[in-house]
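Written out below as C-alpha cells is the structure these notes cover.
The values are calculated or read from the model by the stated rules, or taken from the named source; none is laboratory data. All of these numbers come straight from a predicted model, not from anything done at the bench. Glycine gets a Cβ as well: all are built from the backbone with ideal geometry, and neighbour counts include every protein chain shown.
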C-alpha cells in the first residue's frame, strides 16, 4: 500500500453527500520494487452547493469533484 485517505470533505456535512476520496486505498502496481519512486497527484474542484430542506431552510455545502493521476 502507498497511502490511504480515510476522509476528505469541505463545508458542512449533509446527509447523503458523497465525498469521492473517502476510504481510498491506493496501492503500488504489482511488480513495483520497494525502492521505486512514485508520485500521486490529486486535482480537487470544490463546487459551492445549496440544498433546500423540506421545511424550506437552505443548507450550504460543498460538492468536491476530484481526479487523480499516478506517475511511475
Answer residue from region 30-41, given it is exposed (fewer than 10 other Cβ atoms within 10 Å of the Cβ) and in a strand (DSSP E or B) and is modelled with the highest pLDDT among those: 41
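Here is a yes/no grid of residues against (1) surrounded by fewer than 10 Cβ atoms within 10 Å (Cβ to Cβ); (2) on the phi > 0 side of the Ramachandran plot; (3) in a loop (DSSP other than H, G, I, E, B):
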| site | (1), (2), (3) |
| --- | --- |
| 12 | no, no, yes |
| 15 | yes, no, yes |
| 28 | no, no, yes |
| 43 | yes, no, no |
| 50 | yes, no, no |
